[in-house]
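One structure is given below, encoded as C-alpha cells.
What follows is calculated from the coordinates using simple rules that are stated; it is not laboratory data. All of these numbers come straight from a predicted model, not from anything done at the bench. Here the Cβ is made from the backbone with ideal geometry for all residues, glycine too, and neighbour counts use every protein chain on show.
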Amino acid sequence: MTDALGKLCTGSILPHRHGVDYLTGSWWPVLEDLYSTNIPVYRFIQRPGDLVWINAGTVHWVQAVGWCNNIAWNVGPLNSYQYQLALERFEWNRVKKVKSIVPMIHVSWNVARTIKISDPDTFKLIKHCLMQSIKHIQILREQLVAAGKKICYQSRVKDEPAYYCNECDVEVFDLLFVTSENSTKKSYVVHCEDCARAKNPTMAGVVVLEQYRIEELMRTYDSFTLAPSLSK
C-alpha cells in the first residue's frame with residue numbers, strides 16, 4: 001500500500017500534472033490510470049446506516065447516487081500509531097500552510113487533562129508533544145517580555161474553539177496575537193507570531209493574549225503520568 005500511494009504522489013498521474021494541488025484541490029482520478037499503475041482502488045456503495053472508517057492520509061472521494069447528507073467526524077482509536085499519523089499530517093499541513101481540521105496541540109493538552117494513558121508508546125508521544133509545546137511557549141513568552149511587549153491574561157471559557165492564524169492557517173495555542181480589523185464592529189482576528197511580525201515588525205497594534213498560565217501548563221504536564229495497565 002505504501003508503494004502504491006508513493007506512485008500516486010510521485011508517479012505518472014501526479015495531480016499537479018492535471019493542474020490540481022494535491023492538498024487543496026478537488027481531484028477525480030481516472031480509474032483506468034489507477035489500475036494501470038497498480039494502485040489499489042476500493043469501490044462500494046455506502047448504504048443508509050453504514051459507517052465507513054477512512055484512515056489518516058487515505059486518498060478518497062465520494063459521489064452521491066441520489067439525495068443524501070454527508071456527515072463526517074474526525075475520530076480514531078487512541079493508540080501510538082494513530083496519534084503519530086495524526087501528528088505527521090498536522091506537521092505536513094503546517095509546512096504546506098494548509099489548515100489542519102484537527103488542532104493537534106489543543107487535542108493533546110485535552111487528552112493529558114482528561115484521559116489516563118496506559119500504553120507506553122502513546123504516552124511518550126503525547127508527553128513529548130506537551131514538552132515541545134511548553135518549550136515553544138516559554139521561549140516565545142521570554143522574547144516578548146524582553147522586548148517590552150505586554151502580555152494580557154485572558155483564560156479560556158467553556159467550549160471555546162481552538163484558534164488558527166488568519167493568514168497561514170497554523171494552529172495558535174495559548175499565546176494569541178490579536179488585531180482589530182474593524183474598530184466600529186469590534187472585529188478581532190488571531191494571528192501567529194510570524195504573521196503578526198510580518199504585518200508589523202514592532203507588532204504595534206497587536207495585543208498578545210495568554211490563555212494559560214505557564215504554571216497551569218506545567219501542572220498538567222507533571223500530572224500526566226503513565227497509568228497502570230488493566231491487562232494482567
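Here are a few things to note about the model shown:
- Most mobile of HIS60, HIS128, HIS106 in a GNM of the chain (Cα contacts under 10 Å): HIS60
- Within region 121-201: Cβ-based charge dipole about Cα centre, in debye rounded to nearest 20 (Lys, Arg +1; Asp, Glu -1): 320 debye
- Over the chain: helical MRE at 222 nm, DSSP H runs n ≥ 4 each giving -39500 (n - 2.57), nearest 500: -11500 deg cm²/dmol
- Cβ-defined net charge surrounding MET104, 11 Å radius [Lys, Arg +1; Asp, Glu -1]: -1
- Estimated FRET transfer efficiency when R0 is 41 angstrom, pair LEU51-GLN154 (beta carbons, to 0.05): 0.55
- Highest-MSF residue in the chain out of ALA147, ALA112, ALA162 [GNM, Cα springs under 10 Å]: ALA147
- Here the chain has an Rg and Dmax of 21.6, 63 Å, counting Cα atoms alone.
- Out-of-range pairs (alpha-carbon distance over 23 Å; input LYS149/LYS199; LYS150/LYS199; LYS97/LYS124): LYS97/LYS124
- Taking other residues whose beta carbon is less than 11 angstrom from the beta carbon of SER133, and scoring Lys, Arg as +1 and Asp, Glu as -1, yields 0.
- Charges were assigned to the Cβ only: +1 to each Lys and Arg, -1 to each Asp and Glu. The resulting dipole of the chain about its Cα centre is roughly 360 debye.
- Spin-label model distance (nm) - HIS128 vs VAL65, 7 Å beyond Cα toward Cβ: 4.5 nm
- Shown for MET104, MET203, MET131, MET218: other C-beta atoms within 10 Å of each C-beta, ranked fewest to most, produce the order MET131, MET218, MET203, MET104.
- Comparing PHE90, PHE44, PHE123 in a Gaussian network model of the chain (Cα springs below 10 Å), the most mobile by mean-square fluctuation is PHE44.
- Angle between the chain longest axis and helix 104-114 axis [Cα atoms, degrees, rounded to 10]: 70 degrees
- For the chain, the longest principal axis of the Cα atoms and the long axis of helix 214-223 meet at an angle of about 50 degrees.
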